[in-house]
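K.L.:
After the structure tokens below, expect a handful of questions from me.
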């Protein structure tokens with residue numbers, strides 16, 4: 001769009017007022033997001049718990065800063081994990097709030113192995129389950145416990161805290177669907 005000034009007759013080219021014009025939400029993990037903005041601040045609406053800055057890694061927003069809303073299907077991984085490799089850093093305090101239009105959800109632990117100082121708390125208004133350590137051999141048991149904890153819930157809080165960085169192979173991979 002161009003406009004002509006009535007004073008000088010000069011053609012002016014306006015600058016873009018769309019904050020999404022320079023925001024890249026395509027990510028690098030194969031799960032692109034969608035840019036949205038409020039006022040002049042653009043953020044990415046990313047699948048799962050991917051970082052709302054770029055959808056290129058797992059987000060880790062602490063509860064002091066309001067946590068990260070998860071309302072689109074996609075990966076739900078520990079920070080530092082990319083679906084194949086990677087582990088989390090030290091001194092993390094991440095919160096994710098899973099909610100989608102008052103829908104209930106199914107949550108499935110696909111893989112779970114953390115160091116002893118790392119804990120993933122899964123909370124609802126009616127219960128809480130804390131997960132820590134290598135649950136690989138008991139995923140069925142823990143999946144039943146998780147489902148029992150979240151039964152009927154329309155909002156689930158996930159809080160991941162640790163002190164030390166994870167070792168190679170320490171990560172979690174959680175599947176979820178809204179029902």
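The values are calculated or read from the model by the stated rules, or taken from the named source; none is laboratory data. Given the structure is predicted, the values throughout are model-derived calculations rather than measurements. Methodologically, a virtual Cβ is constructed for each residue, glycine included, from the backbone with ideal geometry; neighbour enumeration extends over all protein chains shown.
K.L.:
Test of understanding: among 3, 15, which residue is surrounded by fewer than 10 Cβ atoms within 10 Å (Cβ to Cβ) and modelled with pLDDT under 90?
P.N.:
Answer to the selection: 15.
K.L.:
Residues in the range 41-73 that are assigned to a loop (DSSP other than H, G, I, E, B) and farther than 19 Å from residue 171 by Cα: how many?
P.N.:
The total comes to 9.
K.L.:
Scan the range 29-40 and give yes if some residue there is modelled with pLDDT under 90, within 24 Å of residue 101 (Cα to Cα), out of contact with any strand residue (DSSP E or B) (no Cβ under 8 Å at 6 or more places or on another chain) and outside any loop (DSSP other than H, G, I, E, B), otherwise no.
P.N.:
Looking for residues that are modelled with pLDDT under 90, within 24 Å of residue 101 (Cα to Cα), out of contact with any strand residue (DSSP E or B) (no Cβ under 8 Å at 6 or more places or on another chain) and outside any loop (DSSP other than H, G, I, E, B), one finds at least one in the range 29-40, hence yes.
K.L.:
So, one more: Just to verify a result, which residue in the range 18-28, among those that are closer than 30 Å to residue 172 by Cβ and touching a strand residue (DSSP E or B) at 6+ places or on another chain (Cβ under 6 Å), is surrounded by the most Cβ atoms within 10 Å (Cβ to Cβ)?
P.N.:
Filtering the range 18-28 for residues that are closer than 30 Å to residue 172 by Cβ and touching a strand residue (DSSP E or B) at 6+ places or on another chain (Cβ under 6 Å), the one surrounded by the most Cβ atoms within 10 Å (Cβ to Cβ) comes out as 25.
K.L.:
Still on this structure: Please count how many residues of the range 104-117 are over 16 Å from the mean Cα position of the chain (by Cα), assigned to a strand (DSSP E or B) and closer than 21 Å to residue 93 by Cα.
P.N.:
3
K.L.:
Kindly indicate which of 44, 55, 60 is buried (at least 19 other Cβ atoms within 10 Å of the Cβ), within 28 Å of residue 90 (Cβ to Cβ), under 14 Å from the mean Cα position of the chain (by Cα) and touching a residue at least 60 places away in the same chain (Cβ under 8 Å).
P.N.:
60
K.L.:
Contact list please: Cβ distance under 7 Å, first residue in the range 18-36 and over 18 Å from residue 84 (Cβ atoms), second residue modelled with pLDDT of 90 or more and part of a helix (DSSP H, G or I), pairs at least six apart or on different chains.
P.N.:
Cβ pairs passing all conditions: 35/20.
K.L.:
I'd like to check something: does the range 156-176 contain any residue that is buried (at least 19 other Cβ atoms within 10 Å of the Cβ), closer than 23 Å to residue 61 by Cβ and in contact with a helix residue (DSSP H, G or I) (Cβ under 6 Å, 6 or more places away or on another chain)?
P.N.:
So far as the range 156-176 goes, yes, one or more of its residues are buried (at least 19 other Cβ atoms within 10 Å of the Cβ), closer than 23 Å to residue 61 by Cβ and in contact with a helix residue (DSSP H, G or I) (Cβ under 6 Å, 6 or more places away or on another chain).
K.L.:
When the range 118-142 is examined, which residues are found to be exposed (fewer than 13 other Cβ atoms within 10 Å of the Cβ) and in a strand (DSSP E or B)?
P.N.:
Passing the criteria: 128, 130.
K.L.:
Taking into account only those residues within the range 143-155 that are closer than 23 Å to residue 62 by Cα, in contact (Cβ under 8 Å) with a residue 40 or more places away in the chain and surrounded by fewer than 19 Cβ atoms within 10 Å (Cβ to Cβ), which is farthest from the chain's Cα centre (by Cα)?
P.N.:
Among them, the one singled out is 154.
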